[in-house]
1. Rounding to the nearest 10 and keeping the result within 0 to 90°, find how far the Cα-based axis of helix 122-134 lies from the longest principal axis of the chain.
2. Around ASP138, under 13 Å between beta carbons, what's the net of Lys plus Arg minus Asp minus Glu among the other residues?
3. I'd like to compare 40-52, 216-228: which one has the highest average count of other Cβ atoms within 10 Å, and what's the full order after that?
4. What aspartates and glutamates sit close enough to LYS82 to cross-link, taking a C-alpha to C-alpha distance under 16 Å and skipping anything fewer than 8 places away on the same chain?
5. From the cross-link list LYS116/LYS304; LYS126/LYS199; LYS36/LYS166; LYS245/LYS304; LYS126/LYS166, which pairs have alpha carbons spaced over 23 Å apart?
6. Before rounding to the nearest 500, sum -39500 (n - 2.57) across all DSSP H runs of length at least 4 in the chain and divide by the residue total; then give [θ] at 222 nm in deg cm²/dmol.
7. Do any GluC sites (Glu not before Pro) in the range 155-262 lie in a loop, going by DSSP, with at most 10 other beta-carbon atoms within 10 Å of their beta carbon, and if so which?
8. Report, ordered by chain and residue number, the aspartates and glutamates lying within cross-link reach of LYS112, taken as a straight Cα distance under 17 Å and ignoring same-chain residues fewer than 8 apart.
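The values are calculated or read from the model by the stated rules, or taken from the named source; none is laboratory data. Only a predicted model underlies this, so the values are computations on that prediction, with no experimental measurement involved. Neighbour counts are summed over all protein chains in view; Cβ atoms, including those assigned to glycine, are modelled from backbone coordinates with ideal geometry. All accessible areas refer to the heavy atoms of the entire protein, side chains included, with ligands and DNA or RNA removed. Shrake-Rupley method; radii C 1.70, N 1.55, O 1.52, S 1.80 Å.
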Amino acid sequence: MRAGGVQDEQLRDAMCRYLTQSKSDGTVKKYYFYFKKWLEFCGKNNMKAVPAQPIHIALYLTQLLDKEVNFSVISSTIYSIKWAHNINGKTDPTENGFVSSLLETARRLRSKKVTKKDVVSSEMLKELCSPIVSQACDDLLQVRDVTMILVAYAGFLRYDELSNLKCCNIKFQSEYFSLHIESSKTDQYRSGNEILIAKGESGACPYLMLQKYILLADIDLTSDHFLFKPVYRSGKICKLISKNKPLSYTRTKECLVARLKSVGPSLNLGLHSLRAGGATAAARAGVNERCLKRHGRWRSDISKDGYIEDSLESRLEISRKLKL
């Protein structure tokens, strides 16, 4: 009986681990954070967190609205409570009318205005690369930053996809190179994605710039180290750090946006400007919709269209077709 009890306990522990893995690690971490806040509220007010009474959730949301927290906090709170009830096999109390109405209230009162970043163009990248090509620049830091920009633009990469690239994820062929994306925001089951980037015709060719970076940084393409790592300088020496760690989001944004600002000083630029810029250029060039969606790892047309900026001519074409 004792052995059976131990086995049952081990199975229960394993089941709990598997249940929490139904969502991505980032999502679970976020849900834990917001659910802990809900637990604290319940503890202070002598309420039960799971199963929860809808009216208690409504009171908690009212408190958050009074504190003027933004919509993302309130929606994350509701999803965390929903998630906790689902993995515990309890009826979802967030479907209650009080809760859903307060969620809509938060959407109306606390949603932040979204200001989209400007897109980067191919002409800007050619201008950015011109000094490196014409002056045969061998500065590792500059070449690393520009290589990241070109690869992110041509591959429609998000920051996490770019920063998590390993040296062994790169495979060169005679006319193109491939990137193996081990996991990404849209790859929930971690099946991986392969992105193909062709050799270009200008000084902003990502194929040649990546080869230049690999040569300068003395990178072994069989290594499992991160491809883009921090750089250190000591006198005339400029190398990648030996520690295997990627560039942080803050440092990546700081470096790449500074480079882009040199050729687009008046634009509102960010890391998403590269993904959106590449997608916009491809769409305007008439790239097949299915191939475009696959290249960008978009699961829906709505997601894809959110990244593409329509040209002035295409927008004017609508009213011109009215023949007024």
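1. On a 0 to 90 degree scale, this one is about 50.
2. +2
3. Output ranking for 40-52, 216-228: 216-228, 40-52.
4. Candidates past the 8-residue exclusion: ASP92, GLU95.
5. LYS36/LYS166; LYS245/LYS304; LYS126/LYS166
6. Mean residue ellipticity, 222 nm, calculated: -17000 deg cm²/dmol.
7. GLU175, GLU201
8. Qualifying aspartates and glutamates at Cα under 17 Å: ASP66, GLU68, GLU104.
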